[in-house]
1. Being open to solvent by 30 Å² or more (accessible area, probe 1.4 Å) and among the β-branched types (Val, Ile, Thr) narrows it down to one of Val49, Val57, so name that one.
2. Can you pull out every residue in the range 123-138 that is outside any strand (DSSP E or B) and hydrophobic (A, V, I, L, M, F, W, C)?
3. What about Pro138, is it under 29 Å from Arg600 (Cα atoms), touching a strand residue (DSSP E or B) at 6+ places or on another chain (Cβ under 9 Å) and not aliphatic (A, V, I, L, M)?
4. Determine whether Ser291 is modelled with pLDDT of 95 or more and assigned to a loop (DSSP other than H, G, I, E, B).
5. State which residue pairs qualify: first residue touching a residue at least 12 places away in the same chain (Cβ under 8 Å) and inside the range 343-354, second residue among the hydroxyl-bearing types (Ser, Thr, Tyr) and not in a helix (DSSP H, G or I) in any location, beta carbons under 7 Å apart, and separation of 6 or more residues or different chains.
6. Within the set of pairs 6+ apart or on separate chains, which have a first residue in the range 178-199 that is crowded, with 23+ Cβ neighbours inside 10 Å, a second that is acidic (Asp, Glu) and part of a strand (DSSP E or B), and C-beta atoms under 9 Å apart?
7. Consider Tyr610 carefully, then state whether it is within 30 Å of Asp321 (Cβ to Cβ), open to solvent by less than 20 Å² (accessible area, probe 1.4 Å) and modelled with pLDDT of 95 or more.
8. Is there a residue being small (Gly, Ala, Ser) and modelled with pLDDT under 95 anywhere in the range 371-382?
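The values are calculated or read from the model by the stated rules, or taken from the named source; none is laboratory data. Since the model is a prediction, treat every value here as computed from it, not as a measurement. All Cβ positions, even for glycine, are placed from backbone atoms using ideal geometry, and neighbour counts span all protein chains on display. These accessible areas exclude ligands, DNA and RNA; they are computed on the full protein's heavy atoms, side chains included. Shrake-Rupley method; radii C 1.70, N 1.55, O 1.52, S 1.80 Å.
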Amino acid sequence: MKTPDANAWRHCNGSAVYVDDIRWVRDPLVAYPVVSPHAHADILEVDTVSASGLAGVHAVLLADAIPGSPAIGAVTADEALLAHDRVHYCGQIVALVVGDAPDTARAGAEAVCVRYRQLDAVLDIEAAIAAGSFHGTPHRIRRGDVDHPLDRAPLRIRGTVHSQGQDHFYLETHAALAIPGEGGEMTVYASTQHPTGVQTTVAAVLGIPRHLVRCEVTRVGGGFGGKETQAQGYAALAALAAQHTGRPVKLRLDREQDMSQTGKRHPFRSHYDAGFHSDGRLLALRVRAYSDGGWSTDLSEAVLDRALLHLDNAYHLPNVDFEGRVCRTNLPSNTAFRGFGGPQGMLVIERILDRAAQELDIEPSLLRRRNLYGDPSRNTTPYGQRFAADHLIRLWDELRSISSFTQRRSEIEAFNSDSRFIRRGIGITPVKFGISFTTASLNHGGAFLIVYADGSVQLNHGGVEMGQGLRDKMVTICAQGLGVTRDSVRPMPTSTDKIPNTPPTAASSGSDLNGAAVAQACGKIRSRLATVAAQLLGVEAASLKFAGGRVMSPGADGAHGGPHGGPQCSFADVAAQAWRQRVPLSAVGSYATPGIAYDRERGRGTPFHYFACGAAVAEVEVNGLTGEYALRRIDILHDVGKSVADEVDRGQIEGGFIQALGWISCEDVRFDDAGRLLTRGPSTYKIPTIGDVPTDFRVTFFDGPPSPAILGSKAVGEPPYMLALSVVSALHHAITSWDESATDLPPLALDLPCSPQAVLCAIEHRKVTSNPDASA
């Protein structure tokens, strides 16, 4: 039986410490932001007199209080830490009030008087396109000739796919605690996926070198990409207040502040023009994709890039012309979110294929299979990267078999023919997701390992534990690498003074990058200890085996040694002897992903180290009178390679699917006509609950080839998210069952979120169009 993870126990009993739980810092002050009520306005005056005079208020900070850089940004420094002359979205921070307690700081914030002159605002993608309001430059990927096959295609379809935003809705909102030290030092405890990003931003804002700033993260209460870049500004504000007052300062957002001030998943509008052969093979595809980046650049260009790189999903597209732009709007800056553009890109091709299958009268799973990568002669992506896809067809066929797909589809067709108000649908979709940061310089990891003379181990690495199980996997890799028991390894908080210059824990690469670095550090120490153990045991170092906290020669039984077994000793004995011999018992490990190179200008290259694949079958039941629907059964077959931690990987697959189900079915970010967020809490923003999870939820690991990553494992953080697109295909099947054998129907109008209202409207539209005499 597996030993329960200590981190999990702490979560259950409440002893796990997050930023807002830190109590050992004496008398920290509290910071509270003053934010703009307007989406776009000039700042005419900021009156802080009343606020500064309140008892318990220690400071009211404006932009002119920043000693270093007043602008921050993940890629481009285009975000004012504190707005100076103009605000660009509702919720932008204009001032920061520092008080003795939360109530005091909030009262001070309410006493700050700001006069504005409102300006016209751009609040959606269509308005941005009309105004020519964009971030960055276009990204274009082309292959072959698109126009000729489109003009001659037996089937040519055009349309637009819309997808909405999604709030990260992590349990722990943004929080930071900054503690000033001697000599201008600053220590920051932050809820962030990117400690080095916090360190870099704080140093720039304070005008000090990075070696004076230390960022430490023990754990994060959920991130999903929302704390990859946007935690940096809040940490910098806390540090600015701490530097100004000379006292520790905490800044923590409540749920409404967090949802109103921070970015979401990027909404997309993608226009397509697709041509198909009569047998369902896709001949050519043109896509023009537009994303809503919000007011600043953040990571929007990189998100758009990945969306374009995943427009093919798991299908060979012989002739393509993809182009994307990031729209600049007066909304909070949208940012990284699990899948990082992949869901928005894959949604487009899956909607196209469902529509083509309907118009060609080909069963959708068969049409999809005809387009899958698999033939060695066509295993090159539109951007020129080879994809060894032999196992993809095998995975697809295996899932169809174990899910009894063909039989169930026939049963559903029979059910629908006899049911007037309740209809069912089934859909199967694949996933091919590239693993690596598309910014090549981020693909590196670091580790620092310490073995003490009693054989216990401290493990440091650059990854952040945010509920995804990275801590568990790193302990497993370390214990295997040293041949010790898991309970002898203590994973340490991630800290920039232990592991410098780290990338964010993102892009599903936390285990790949940091695990490889940990393994390298283990190898260095193990090699040194083998030399010491060989002297102790009188055998060759190369013949020794490290396992279970013991070091054994050939023939040892793992417990005692003696006349019937080779000599052995404990790992602790070897560590103690190494200390006596002054053998170094610490080591640094580093890893850089090989072969990553992508030319954005040319739209060509190798942006990914490998691809993670999977497929899912979804079965839904839809009420034609209300539009309500339920998932009857989910079958997932996913390739995790040689799993480092089965339970962790299974949890990621299930969790990713359900989070995506929220994006598909019920999560709907809404702003009013003035750019104010309407969905600011769980009362107005609905995420999936246990009632939305199908009782029949089957997850199977595919026995595929090992990856080039650590121990042959494959990333599993983001790829399962896109498996939920099978639900959209299943809904398509159910809704179109109301067509009543009509021909020449318009394409099914069903955009995300597929709420009951949206489904009902789609059903009624099909009924009326296919039978004009039908009543609502």
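1. Working: Val57 fails: open to solvent by 30 Å² or more (accessible area, probe 1.4 Å).
When all the criteria are applied, what remains is Val49.
2. First, pick out the residues of the range 123-138 that are outside any strand (DSSP E or B): 123-133.
Within the range 123-138, Leu123, Ile125, Ala127, Ala128, Ile129, Ala130, Ala131 qualify.
3. Working: under 29 Å from Arg600 (Cα atoms): yes; touching a strand residue (DSSP E or B) at 6+ places or on another chain (Cβ under 9 Å): yes; not aliphatic (A, V, I, L, M): yes.
For Pro138, the condition - under 29 Å from Arg600 (Cα atoms), touching a strand residue (DSSP E or B) at 6+ places or on another chain (Cβ under 9 Å) and not aliphatic (A, V, I, L, M) - is met.
4. Working: modelled with pLDDT of 95 or more: yes; assigned to a loop (DSSP other than H, G, I, E, B): no.
The answer is no for Ser291.
5. Once the first residue is touching a residue at least 12 places away in the same chain (Cβ under 8 Å) and sits in the range 343-354, its partners that are among the hydroxyl-bearing types (Ser, Thr, Tyr) and not in a helix (DSSP H, G or I) give Gln344/Ser163; Leu347/Ser163; Val348/Ser270; Val348/Tyr272; Ile349/Tyr315; Glu350/Thr429; Ile352/Tyr272.
6. Listed by first residue and then by second, the contacts come to Val188/Glu216; Tyr189/Glu216; Ala190/Glu216; Pro195/Glu216.
7. Working: within 30 Å of Asp321 (Cβ to Cβ): yes; open to solvent by less than 20 Å² (accessible area, probe 1.4 Å): yes; modelled with pLDDT of 95 or more: yes.
The answer is yes for Tyr610.
8. Going through the range 371-382, the residues small (Gly, Ala, Ser) turn out to be 374, 377.
Of the ones still in play, those that are also modelled with pLDDT under 95 are 374, 377.
Checking the range 371-382: at least one residue is small (Gly, Ala, Ser) and modelled with pLDDT under 95.
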